[in-house]
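Novice: Below you will find the structure I want to go over with you.
The values are calculated or read from the model by the stated rules, or taken from the named source; none is laboratory data. A quick note: this is a predicted structure, and the numbers were derived from the prediction, not measured. Using ideal geometry, Cβ is built from the backbone for each residue, glycine included, and neighbour counts are taken over all protein chains shown.
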Amino acid sequence: MKSTRRNFIGTTGFALAGGLSSTASSHAGKCSFSELPHGFIYLNSGTEGSMPGCVLSTYQEGLAKWAANPTTSYELDPVLGKRQELNREKVAQFLGVGKNNICLTDNTTMGCSMTLMGLDFTPGDKVVTTNHEHNAIKSPLQVLQARQRLRVETQSFPATEKLSGMSSSELLDALFPDIPALRGAKALCVSHVYPTTGVRLPLRELRQKADELDIRYLVVDGAQAMGMINLGEDGDSIESCDFYACPGHKWLNGPPSTGVLYIKNAEIRPPEFYPTISQRMGKYVDCSDDSAECFPMVKALQVRGCSNTPGFAAMVSAMRFVGDAGGVVQVENHILALSREVKRFILSRAPQSIVSPHADPALQSGLTTFYPFRWDLPQRIFQDKKSADWVVAELLKKNIQVRSIGVPGPVGPGKNPGTRYVIRVSTAYFNTATEVETFKTALQEVLMRIS
């Protein structure tokens, strides 16, 4: 039997401290996360989200419409058609930007690849990144290193023992100091929220740091942000970035194979940027003449054969769900309130085990990562993969889903590049204060048995 989860946003305890209104609770009855099994506590939206009923039905209706009339759907339908003008407009409204700043993609990896393979890098150009990036950024940079001799400057995050207590200014100064090796780079390629540590880099401060270092482009992997963070808020506004790639299937709770690429300069064109993964390079052949009429770049990127257009319509439904439930601010408050409680719980028992920042709210996200530890001997910390995986497996026996993830070591001469493993807990929009309390009790019991 499946739970209706009609009260998936609590109105008591620490959830209330997040500033929630009754709007979200009342909306749950109209569109609930009923597909998640009764009694199953899902704390892994950092890997994949779920879908509320209204999003799932929109997806199913779109697929059925496509199956009934494929050619008309692909060529002419305003919701399902290949040009995606209507859905791009709705996504732009959700993010507070223009339609010609938005291309709908399959996922974050596609958006990052479109960006990095589209920019006009030349041999010897320099890019700054970190040792905690996902392969969505690392892989295209490796291609460019091999193909075009791109210079990649990889900055190491501070040790996890230090990271958790840092402020945003301390962290950004440590990551991106004003040194010759970083100044004048073509691009700064980073994540908004890091899947390894839960660190959230404030976009406005990132933009300022890039400008101070005379770095031309700020390219951001937003895989762990859209649906969790208010991307229209000044400190984390998507408009601080030149390129921002994010998914619809994680924290937003849209369907698989959906994503967004934001391009700040709606008039960008070759040779500055080329439309890779597109069928529209021909529209730019004569664009050297400024009087020529050329596609906006996002429109060129959008037309690339048959895409998951029913999924894009469902992703827009997920955005509408957020609005009906109180808006992005309410959603962010709820997610962060639950996450703060998880952090407080770990800190109260084994402060030396926590990796995610807890001192500066500007660095906090809905992800909490910590090393497994022995509950009755909290100074005993485990950093190996086997221990982390064991904790995940034992919690899953109790119908609680979290995950383990590796945290890379520092890079460079004399550094130990070894990976250490943590438990990662994602407190999503559909999670409740009661579920977090159940998780805390179960975690304590499991950590009593770790050895």
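Novice: How many of the residues making up region 51-84 are among the charged types (D, E, K, R) and either within 11 Å of Ala313 (Cβ to Cβ) or not assigned by TED's automatic domain parsing to the domain that holds Val298 (or both)?
Specialist: Summing the residues that are among the charged types (D, E, K, R) and either within 11 Å of Ala313 (Cβ to Cβ) or not assigned by TED's automatic domain parsing to the domain that holds Val298 (or both) in region 51-84 gives 3.
Novice: Could you check region 340-363 and list, in sequence order, the residues that are among the polar types (S, T, N, Q) and over 21 Å from Leu203 (Cα atoms)?
Specialist: Going through region 340-363, the residues among the polar types (S, T, N, Q) turn out to be 348, 352-353, 356.
Across region 340-363, the qualifying residues are Ser348, Gln352, Ser353.
Novice: Moving on. Between a first residue in region 47-61 that is within 11 Å of Leu36 (Cα to Cα) and a second residue that is not in a loop (DSSP other than H, G, I, E, B), which pairs have beta carbons less than 6 Å apart while being 6 or more apart in sequence or on different chains?
Specialist: Correct list of pairs: Pro52/Phe321.
Novice: Additional query: Scan Thr197, Thr130, Thr160 and give me the residue that is in contact with a strand residue (DSSP E or B) (Cβ under 7 Å, 6 or more places away or on another chain), among the β-branched types (Val, Ile, Thr) and at pLDDT below 95.
Specialist: Details: Thr197 fails: at pLDDT below 95; Thr130 fails: at pLDDT below 95.
Result of the check over Thr197, Thr130, Thr160: Thr160.
Novice: Residue check, Ala185 against (1) touching an Asp or Glu at 6+ places or on another chain (Cβ under 8 Å); (2) among the aliphatic types (A, V, I, L, M); (3) in a helix (DSSP H, G or I), all met but one. Which one?
Specialist: (3)
Novice: Please verify whether region 256-279 includes one or more residues that are part of a loop (DSSP other than H, G, I, E, B), of a type outside the set (S, T, N, Q), within 17 Å of the chain's Cα centre (by Cα) and closer than 28 Å to Gly165 by Cα. Show your work before the answer.
Specialist: Just the residues of region 256-279 that are part of a loop (DSSP other than H, G, I, E, B), to begin with: 256-258, 264-272, 274-279.
With of a type outside the set (S, T, N, Q) added as a condition, the list becomes 256, 264, 266-272, 274-275, 277.
Right, trim to within 17 Å of the chain's Cα centre (by Cα) and you get 256.
In the following step, the residues that additionally are closer than 28 Å to Gly165 by Cα were identified as none.
No: region 256-279 contains no residue that is part of a loop (DSSP other than H, G, I, E, B), of a type outside the set (S, T, N, Q), within 17 Å of the chain's Cα centre (by Cα) and closer than 28 Å to Gly165 by Cα.
Novice: Could I ask something else about it? For region 274-296, indicate whether the set of residues that are among the aliphatic types (A, V, I, L, M) and in contact with a Phe, Trp or Tyr (Cβ under 6 Å, 6 or more places away or on another chain) is non-empty. If you could, list the steps in order and put the result at the bottom.
Specialist: Applying the first criterion (among the aliphatic types (A, V, I, L, M)) to region 274-296 yields 277, 281, 285, 292.
Pick out the ones that are also in contact with a Phe, Trp or Tyr (Cβ under 6 Å, 6 or more places away or on another chain) and you get none.
No: region 274-296 contains no residue that is among the aliphatic types (A, V, I, L, M) and in contact with a Phe, Trp or Tyr (Cβ under 6 Å, 6 or more places away or on another chain).
Novice: Separate question: Being in the same structural domain as Lys90 (by TED's automatic domain parsing) and at pLDDT 95 or above is true for just one of Pro310, Pro296. Which residue is that?
Specialist: Values: Pro296 fails: at pLDDT 95 or above.
Of the residues listed, the single one that is in the same structural domain as Lys90 (by TED's automatic domain parsing) and at pLDDT 95 or above is Pro310.
Novice: Turning to a different aspect of this structure: Does Leu301 satisfy being in contact with a helix residue (DSSP H, G or I) (Cβ under 8 Å, 6 or more places away or on another chain) and closer than 26 Å to Leu367 by Cβ?
Specialist: Working: in contact with a helix residue (DSSP H, G or I) (Cβ under 8 Å, 6 or more places away or on another chain): yes; closer than 26 Å to Leu367 by Cβ: no.
For Leu301, the condition - in contact with a helix residue (DSSP H, G or I) (Cβ under 8 Å, 6 or more places away or on another chain) and closer than 26 Å to Leu367 by Cβ - is not met.
Novice: Does Gly19 fit the bill of being closer than 30 Å to His192 by Cβ, part of a loop (DSSP other than H, G, I, E, B) and either modelled with pLDDT of 50 or more or among the aromatic types (Phe, Trp, Tyr) (or both)?
Specialist: So Gly19 does not fit the description; no.
Novice: Just for strands (runs of 3 or more DSSP E) wholly inside region 364-451: which have at least 1 residues that are surrounded by 20 or more Cβ atoms within 10 Å (Cβ to Cβ)? So that I can check it myself, show each step before the final result.
Specialist: On the way: elements: 367-370, 377-381, 403-407, 420-426.
In region 364-451, the matching strands (runs of 3 or more DSSP E) lie at 367-370, 403-407, 420-426.
Novice: When region 147-169 is examined, which residues are found to be in a helix (DSSP H, G or I), free of Cβ contacts under 8 Å to residues at least 40 places away in the same chain and under 23 Å from the mean Cα position of the chain (by Cα)? Full working, then the answer.
Specialist: Let us first name the residues in region 147-169 that are in a helix (DSSP H, G or I), namely 147-148, 160-163, 168-169.
Filter once more, keeping what is free of Cβ contacts under 8 Å to residues at least 40 places away in the same chain: 147-148, 162, 169.
Within region 147-169, just Ser169 meets the criteria.
Novice: Looking at Gly222, Gly232, Gly282, Gly254 in this structure, which one is surrounded by fewer than 17 Cβ atoms within 10 Å (Cβ to Cβ) and closer than 20 Å to Gln330 by Cα? Before you say what the answer is, go through the steps one by one.
Specialist: Values: Gly222 fails: surrounded by fewer than 17 Cβ atoms within 10 Å (Cβ to Cβ); Gly282 fails: closer than 20 Å to Gln330 by Cα; Gly254 fails: surrounded by fewer than 17 Cβ atoms within 10 Å (Cβ to Cβ).
Testing whether each residue is surrounded by fewer than 17 Cβ atoms within 10 Å (Cβ to Cβ) and closer than 20 Å to Gln330 by Cα leaves just Gly232.
Novice: Considering only residues of region 153-185 that are hydroxyl-bearing (Ser, Thr, Tyr) and surrounded by 16 or more Cβ atoms within 10 Å (Cβ to Cβ), which is farthest from Pro410 (Cα to Cα)? Give the derivation first.
Specialist: Kept after step one, since they are hydroxyl-bearing (Ser, Thr, Tyr), are these residues of region 153-185: 154, 156, 160, 164, 167-169.
The next check asks that each one be surrounded by 16 or more Cβ atoms within 10 Å (Cβ to Cβ); those that pass are 154, 156, 160, 164, 168.
Numbers: Thr154: 9, Ser156: 5, Thr160: 10, Ser164: 16, Ser168: 19 Å.
Going through the qualifying residues, I end up with Ser168.
Novice: Anything in region 324-351 that is β-branched (Val, Ile, Thr), free of Cβ contacts under 8 Å to residues at least 60 places away in the same chain and either assigned to a loop (DSSP other than H, G, I, E, B) or surrounded by fewer than 21 Cβ atoms within 10 Å (Cβ to Cβ) (or both)? List them, or say none.
Specialist: Let us first name the residues in region 324-351 that are β-branched (Val, Ile, Thr), namely 328-329, 331, 335, 342, 346.
If we keep only those that are free of Cβ contacts under 8 Å to residues at least 60 places away in the same chain as well, we get 346.
Within region 324-351, no residue meets the criteria.
Novice: Tell me which residues, restricted to region 67-86, are free of Cβ contacts under 8 Å to residues at least 12 places away in the same chain and under 15 Å from Cys103 (Cα atoms). Reasoning before the result, please.
Specialist: Start the filter on region 67-86 by keeping residues that are free of Cβ contacts under 8 Å to residues at least 12 places away in the same chain, which leaves 67-72, 75-76, 78, 86.
Listed by number, the list holds a single entry, Leu86.
Novice: Has region 425-435 got any residue that is more than 30 Å from Gly327 (Cβ to Cβ) and not assigned by TED's automatic domain parsing to the domain that holds Val199? Break it down stepwise before answering.
Specialist: Pass one, region 425-435, residues more than 30 Å from Gly327 (Cβ to Cβ): none.
Within region 425-435, not a single residue is more than 30 Å from Gly327 (Cβ to Cβ) and not assigned by TED's automatic domain parsing to the domain that holds Val199.
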